[in-house]
Amino acid sequence: MKKISTPYLLLIPGMGFLFTFFLLPLINLAQTSTQTPVGGGDTGQYEQTLRFANYIDAFVENKEQFGRSFLYATIATILALAIAYPLAYAIAFKGGKYKNIMLVLVVAPFFTSFLLRTIAWKQILGEEGFVVPTLRTFGIISESTTLTSSAFAVVAGMTYNFLPFMTLPLYASIDRIDPRTLEASGDLYANGFTTFRKVTLPLSMPGVVAGTLLTFIPAAGDYVNAAILGSPQTKMLGNVIESRYFKIVDYPTAAVLSFTLMAAILILVTVYVRKAGTEELV
Amino acid sequence: MSDIAKSARGDLKLSNITKSYGDFTAVNDLSLVIPEGSFFALLGPSGCGKTTTLRMIAGLEEPTKGTISLGATDITDTKPYQRPINTVFQNYALFPHLTIFENIAFGLRRRGIKDVDDAVNKALDLVELPHLAQRKPTQLSGGQQQRIALARAIVNRPALLLLDEPLGALDLKLRRQMQIELKWIQREVGITFVHVTHDQEEAMTMADTIAVMNEGQIEQMGSPADLYDNPETAFVANFLGQSNLIKGTVTGNDGANQIVDLFGQKISLQKDRSHGVDSSIYAGIRPEKFRISRLETQTHGNILTGGKVEDVSYIGVSTQYQVLMPWGQELMVFEQNDDGVAPFSVGEPVNISWEPIFTFGLRGDEDAEAGTEVNPDEDLDEE
């Protein structure tokens, strides 16, 4: 009797936390999403009318920001993967005794505030930074082009900010690969590229899936990068939710957009995880 | 170039191979010919350079100096995937994400062979595990993984199959069984096998030719019987089985024999089994070649008198004695328990005798203890 109940007792704090701080607000959010303004009331006064058309209105009104959120998040995820994979591979296989130092360096940016680092990118990409003058010197961008307040800056900021989330799971799964399996692949007539495609990549798939999820999900809902590094033309859904909630005090629309974003991410992630077939891997 | 390498066949020839890592020389000017179709063993203690040699043959390490050729083709600078050589790795290195079938098919598919079913099934039959085709490697026992690793290599019909301590992780009983099976498979497929091991019994059971390696060089090469009966160095004499090495001086000749003085007692030694260079010599005799007898018993051959039984271990098939000689050395004597004579008891004075043909002679300036140390990595289930 006692033995059976102990694990459940241990679950209580966690479950209680999730119930109070996740489930209840979620229910509250769902309720808010179908409310309408009180006729003749003050701003910020809403009543429940079960108006599901809120969803359609909000989507039609913000479909551009929706598309942008997923586009930016996708590009940032792909870029982060392209940067993090070789990095994680190098640390895992070539790091040697410097492995731990390199891992600390990967997470080192976390010692500074997220906001501060994002603001620093404004400097890096600004007129006084070294990036713009260098690119101009080589004629890659024209004299009139600026990099701040652009989609480029937003995606660059997101890629940078989420890079550790991509690198760490990738490292964890690449580090687990037995280098002898790579030798065995070479021994069995596979050249370097084939070995990567047929052995290294499949064996690191759990890391790829975990890393892309940890990058894509927060990136799709992100608003800090777009707010600091972007312009009105690069607004993402997170920015809309933020302004609806705090500035316009349009709670129902903010709730609708939050819900829709969550649902969209959930569907995308489910499809992705199915496709990636992680259950194939032990 | 690579196409030529892929189809190369013939004897494997290592010429003056050296491999250094910084100041450390793992393999030192090693030359060796492994005839096509043979079962060849590289035997030596850990750190003797045998695995490095194997990895250079596989192409996983590049020799610092020297050349490797297969038949008439120089393969020194080719990549592992360009060589018609496959390896059974020490811990098998099966691909954990692929089924057993796909593991075995891996090499065939890489060479662009479309229809692999037949070859893979035949390989699975050869190792007697056809029912495991759809399993994953982690679902197999160590012994089964070992066989799959073998099947994965053999299915490619390489010119050369390299086995890197393939039985090291198996328990003693399974290892003995696999030794016999590997030997049978080698005869069946006719591929040259190069087997690396630190287990002298394993090497002797399986190989036609053994090269004993020590400190990056080959100490001696030959058939198991050659190496055991006529070792040329103290290292070989001690590493393969056990030896009694008695310090002596060559005092003269008697036809095809040398007369050797061992602490005042004369024995004879065949000249062609004497590898000494001057008059200082170690006379070597295997413990089971000795006969032990009471003082009144008539004996013949080489005789050493004045022994005293120090210790008796009865181990069923034989009795092992430690006999203290007048010059302070303890000799090991193994007596088969087949003559109905009661074992000798501790403290009994005895003589020791043996047939002169069983004596071998080693250089007197050698380290008589060479090759006797137990390897720290030797498996605990070794007796």
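Inside region B:319-364, residues that are out of contact with any Leu (no Cβ under 6 Å at 6 or more places or on another chain), among the acidic types (D, E) and either assigned to a strand (DSSP E or B) or not assigned by TED's automatic domain parsing to the domain that holds B:I259 (or both) make up a count of 1. The helices (runs of 4 or more DSSP H) found entirely in region A:165-246 that carry 3 or more residues being crowded, with 21+ Cβ neighbours inside 10 Å and within 12 Å of chain B (Cβ to nearest Cβ) are A:179-187. Only one of B:L245, B:L295, B:L269 is of a type in the set (A, V, I, L, M) and surrounded by fewer than 15 Cβ atoms within 10 Å (Cβ to Cβ); which? It is B:L295. Tally the residues that are modelled with pLDDT of 90 or more and within 14 Å of chain B (Cβ to nearest Cβ), restricting the search to region A:247-282. Residues in region A:247-282 being modelled with pLDDT of 90 or more and within 14 Å of chain B (Cβ to nearest Cβ): 0 in total.
Take the residues of region B:101-129 that are of a type in the set (A, V, I, L, M), within 14 Å of another protein chain (Cβ to nearest Cβ) and under 34 Å from the mean Cα position of the chain (by Cα): which is surrounded by the most Cβ atoms within 10 Å (Cβ to Cβ)? Please lay out each step first, then the result.
The initial filter retains those residues of region B:101-129 that are of a type in the set (A, V, I, L, M), namely B:104-105, B:108, B:113, B:116, B:119-120, B:123-124, B:126-127, B:129.
Checking which are within 14 Å of another protein chain (Cβ to nearest Cβ) leaves us with B:104-105, B:108, B:113, B:116, B:119-120, B:123.
Narrowing the set further to residues that are under 34 Å from the mean Cα position of the chain (by Cα) leaves B:104-105, B:108, B:119-120, B:123.
Details: B:I104: 30, B:A105: 22, B:L108: 21, B:A119: 18, B:V120: 23, B:A123: 27.
This residue is B:I104.
Would you check if A:I174 is modelled with pLDDT of 95 or more, more than 24 Å from A:R68 (Cα to Cα) and among the aliphatic types (A, V, I, L, M)? Yes. Here is the figure for region B:81-100: residues that are more than 9 Å from chain A (Cβ to nearest Cβ) and more than 28 Å from the chain's Cα centre (by Cα) total 2.
Can you pull out every residue in region A:105-126 that is surrounded by 10 or more Cβ atoms within 10 Å (Cβ to Cβ) and either over 21 Å from A:A219 (Cβ atoms) or of a type in the set (D, E, K, R) (or both)? Correct list: A:L105, A:R117, A:K122, A:Q123, A:G126.
Considering only residues of region B:50-80 that are more than 25 Å from the chain's Cα centre (by Cα) and assigned to a strand (DSSP E or B), which is nearest to the other protein chains (Cβ to nearest Cβ)? Within region B:50-80, the match that is nearest to the other protein chains (Cβ to nearest Cβ) is B:T73.
The values are calculated or read from the model by the stated rules, or taken from the named source; none is laboratory data. All figures in this text were calculated on a predicted structure; none of them were measured in a lab. Reconstructed Cβ throughout: ideal geometry from the backbone, glycine too, with neighbour counts over all protein chains shown.
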